[in-house]
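Bear in mind that the values in this text are calculations on the coordinates, not laboratory data. This structure is a prediction, so every number in the text was calculated from the model and none was measured. All Cβ positions, even for glycine, are placed from backbone atoms using ideal geometry, and neighbour counts span all protein chains on display.
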Amino acid sequence: MNRRRATVVAAAVGVLAGVTGLGVLAMPAGAGQAPVLPEVSAESLVESVVTAKPAAFGGSVEVSNDLGVPAIAGLPQLSDGDSAVRLWSDGSGRVRVQLPAGDAEKTFVDDGTTGWLWDSAERTVNKFPHGAAQKPQEAAAADPVALARDVVSRLKEFSEVTVDGTARVADRPAYELVLSPKPAEKTVLREVRVAVDSELRVPLRLAVLTNGTNAPAVQVGFSELNVGPQDAALFSFTPPAGATVTEAGVEEPSERDKAAAEQVFGEANPQVVGEGWDVVLTARVPEGSLTAFAEQEGGPADRGPRRPGAGTGGGMGGDTDVQGMLRQLGKQVSGPWGSGTLITARVGGVLIADDGRVAVGAVPEQVLVDAIGQVK
């Protein structure tokens, strides 16, 4: 698969992850005999997950995805297959995340004042003020503590919540919290399982299971965990000699840039349809933006010859090469709403209409169809 095609897949899966909050979540292997712990109600366990104080810790996180999408070059944590992450927190907002990718590595450090993202393959450093930007998507997706808290907060109102015994994760005793969609919810997901540390009440692992199988679709969780103060040097960063440093978020955007951003946002008109497990994000891709995205990622040399008429017309830029890639990734569908391409993964789907409308969610095809019909 060429780089452009893989990038389109990555974009689709990334959007799906952002909409559902369930994109790269998991349960690591290993456990041992289930510990004996005092009984706890599901309601109090949920409350403790949402309100638990941040803890200082360092550990290894195992990521194992089975979404049914191709590998994404340089981003094993967002690709199908197994990968690993190292994660540290001082409990007060300073963090360090190391994401290996073959012979290279991406390192994210927030020292409480400045955020740093180091890419050893490109020898580049992105620098930004603390709080002005979030962790890169692959780093955020590999943090089981933050992921589980976000998922539990979003879904508890729409779920049947139970405590299903205990487990041992990273050699720590934990309760198994299970959130299952209520009968009225329309989703391809069957349940979310969260292992909650019995002492700290922080999530240690999280698994997402889909209908029709007992194997998790995606997995992330601690395989090794050291609770307590960490070396302060882990939360500082100095750009390596010879690295290219780019500083973002310092200059105020120009009025022209602001107007352009507002225009793009207005044309996209993103909306949320539904709530809970069957939430769907809809938008309209501005004309030509997908083509421009593919050209930026693949470069003109990667595009190959165009067929007659490519690059003209409306909708998604009229680029028959890009639409051809989408058709290879999914299946053609049509109905009263129009026609387009449906790309599915184990945790949901993306419906891309030929005229640029998009609907994404962890839901069956019909729910996507109903949602895209509401896009103006």
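Of note:
- Of the cross-linked pairs LYS106/LYS182; LYS106/LYS186; LYS53/LYS186; LYS186/LYS331, those separated by over 29 Å at the C-alpha level are LYS106/LYS182; LYS106/LYS186; LYS53/LYS186.
- The order of the peptides 34-40, 163-169, 335-341 by mean Cβ neighbours within 10 Å, most packed first, is 163-169, 335-341, 34-40.
- Point-to-point label distance, ARG123-GLU157, nm (Cα→Cβ direction, 7 Å offset): 5.2 nm
- Were the residues from GLU275 through THR213 laid out at 0.36 nm apart, the gain over their Cα-Cα distance would be 19.9 nm.
- When peptides 271-280, 189-198 are sorted by average Cβ neighbour count within 10 Å, with the highest value leading, the order is 189-198, 271-280.
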